[in-house]
1. Treat each spin label as a single point 7 Å out from the Cα along the C-beta direction, and report the Ile67 to Glu15 distance in nm.
2. Which of Ser47, Ser22, Ser70 moves most in a GNM of the chain, Cα contacts under 10 Å?
3. Roughly what would the spin-label model give for Asp48 and Ala2, points 7 Å off Cα along C-beta, in nm?
4. Can you give the local net charge around Val26? Use residues other than it whose beta-carbon is closer than 14 angstrom to its beta-carbon, Lys and Arg +1, Asp and Glu -1.
5. Could you tell me the calculated FRET efficiency between Leu33 and Lys83, based on Cβ-Cβ distance and R0 = 25 angstrom, to the nearest 0.05?
6. For Rg and Dmax of the Cα atoms in Å, several values are listed as (i) 14.7, 47; (ii) 20.3, 73; (iii) 15.5, 49; flag the one computed from this structure.
7. What lysines could a cross-link reach from Lys83, if we take a straight Cα to Cα line under 17 Å and drop same-chain neighbours fewer than 8 places away?
Amino acid sequence: MARMLHPDTGLQSDESSRELWSDVVVAYKANDLETLGMLSISVQLLSDPRAKTVGISDLNRLCKFLINQSRRIKQELRSFSRKDPA
């Protein structure tokens, strides 16, 4: 992931690759192996948009991970809205 996304390599300089790089750095610093695994699949998809080299099981894991992240974010938003009457 570092070879492909690192800003000094210049291989991927679009917005999505910069966001992925930022996410990789955060997950690495937090030692979040689950997120790093999911980001690895995302990097594979970035390099192969038609997902010819990505397994279906990996795509299923990524979907479940994203669904869980979405649910977590919704719960956080609900808790914020309960705290702030505006």
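FYI, it's all coordinate maths here, none of it is from the lab. Here the structure is a predicted model, which is why all the values come from computation and not from measurement. For neighbour counting, all protein chains shown are included, and Cβ atoms are generated from backbone atoms with ideal geometry for every residue, glycine included.
1. Using points 7 Å along Cα→Cβ, the separation is 2.8 nm.
2. Highest fluctuation among the options: Ser70.
3. Label-label distance for Asp48 and Ala2, simple model: 2.3 nm.
4. Details: positive: Arg18, Lys29; negative: Glu19, Asp23, Asp32, Glu34.
In short, -2.
5. On the way: r = 32 Å, r/R0 = 1.27.
For Leu33 and Lys83, the calculated efficiency is 0.20.
6. Read-out taken from this structure: (iii).
7. Excluding near neighbours in sequence, the set is Lys74.
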